[in-house]
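Below is one structure, written out as structure tokens, with a few remarks after it.
We did not get these values from a lab; they are worked out from the coordinates using the rules stated. The model shown is predicted, which means the values in this text are computed figures rather than measured ones.
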Amino acid sequence: MRLVPRGRGLRDPNLRDRLYELLEHDPLAYSIGSRFIQLIIGAIVLNVAAMVLASVPELDARFGMLFSAITILCVVVFALEYAARLWTVAGHTPRKGSPSADRLGYVFSALGVIDLMAFVPAAIVLVTGRHATLAALGVLPFFKLVRYSPAMRSLLAAVHAERRALIGCLVILAGAVLTFASLLYAIERDVQPDKLGTIPQAMWWAIVTLGTVGYGDVVPVTALGKIISVFTIISGFAMIALPVAIISTAFAEEVKRRDFVVTWGMLARVPLFSHLAASDIADIMRLLRARTVEQGEILVRRGDDASSMYFITAGEVEITLPNQQVRLTDGTFFGEIALLHKTKRSGTVTATRKTRLLVLDAQHFHALIERMPTLAAHVHNTAKARLGETGDLAATELAQAEREDTDR
């Protein structure tokens with residue numbers, strides 16, 4: 001029996017697309033992609049730990065074979081991952097070029113170089129047997145975490161976005177170093193010819209003083225030189241504060257931008273908003289807040305006040321009603337009936353797996369439907385359609401709520 005149809009296998013574009021999604025998609029914790037990410041991160045941590053411990057002679061003498069085996073295993077894992085990314089990247093780049101161009105683009109990209117350097121130097125050292133050099137290369141796989149760490153990616157993006165401003169800071173710093181080094185050289189060259197007899201020697205003093213390190217190996221001894229030192233130290237505070245302020249501001253903006261993109265992507269998965277214009281979606285995004293619930297976590301309890309409407313962007317929840325249980329998955333929403341009729345919750349909502357939600361609070365919900373008639377009509381039509389379906393969650397919620405009001 002043939003498992004793979006003739007002419008397919010590794011040449012199957014569907015297989016390549018599925019593998020690309022596995023490697024590149026940002027998955028939930030229960031998915032196969034998340035397990036793959038956990039495997040790679042585990043290999044990175046294990047490899048770096050083995051490299052660090054191998055630098056201790058006592059541990060290396062006792063567990064040297066184990067450290068080498070871990071390194072070989074990690075080299076194989078990283079090499080297979082690199083080969084898989086190199087194969088699957090074809091057809092998945094914004095340029096939409098040829099497969100060769102796409103693969104060359106990945107090879108020479110920052111992440112491609114990091115992926116390559118994570119295993120090639122270690123493989124070469126393993127072959128040559130230079131064990132001390134192998135331990136020194138232990139930090140290289142650590143940089144693969146850039147791919148899996150949103151914070152590290154945001155920081156690198158912030159630095160790249162402000163690269164011109166940071167280069168300007170370096171130019172200013174170089175000018176300050178030359179200026180203060182020249183001044184101190186002119187003042188102290190005859191007093192301390194062994195330490196400040198040349199401008200390059202004075203530049204060392206200027207660098208450590210502007211950096212507020214102040215090793216104390218070179219210090220001015222004249223009164224005028226000490227005055228120059230005071231201005232150098234004060235200028236050093238500005239030299240440090242300027243790039244820090246630039247990077248911190250850019251990092252905060254990058255985090256906001258990334259949150260915006262993530263929320264937009266989550267919002268796009270909700271069919272309720274699919275008909276809205278981009279300006280309307282942007283308006284809604286300011287009112288929504290993202291929330292992630294773990295498997296087994298109770299989101300809403302029966303009898304609670306209806307304070308929010310929930311949109312499921314990824315995951316699954318189970319709603320336990322008095323007479324039935326209902327499961328909702330990606331793209332669905334719940335809670336709008338209770339908000340429209342201002343009733344209490346008639347069911348308990350529990351996440352059956354890790355779930356990502358967008359939450360719209362009651363006050364924002366009512367303000368939104370008043371401000372956006374198109375969305376209000378869509379919500380009312382959806383609610384009416386649900387009420388007309390036998391056994392639908394919304395109908396059960398409303399009927400139960402009306403019975404509770406009658407009993408009171």
Taking θ as phi - 60°, what are the ³J(HN,Hα) couplings along region 117-128 by the Karplus curve (6.51, -1.76, 1.60), each to the nearest whole Hz, with x for Gly and Pro? 5, 6, 10, 5, x, 5, 5, 5, 5, 4, 6, 7
Give the long-range amide H neighbours of residue 297: residues separated by 5 or more places, or on another chain, with amide H under 5 Å away, using H modelled in the peptide plane at 1.01 Å from N. 351
Give a residue-ordered list of calculated ³J(HN,Hα) values for region 245-256 (Karplus: 6.51 cos²θ - 1.76 cosθ + 1.60, θ = phi - 60°; whole Hz; x for Gly, Pro). 5, 5, 5, 5, 5, 5, 5, 4, 5, 5, 5, 4
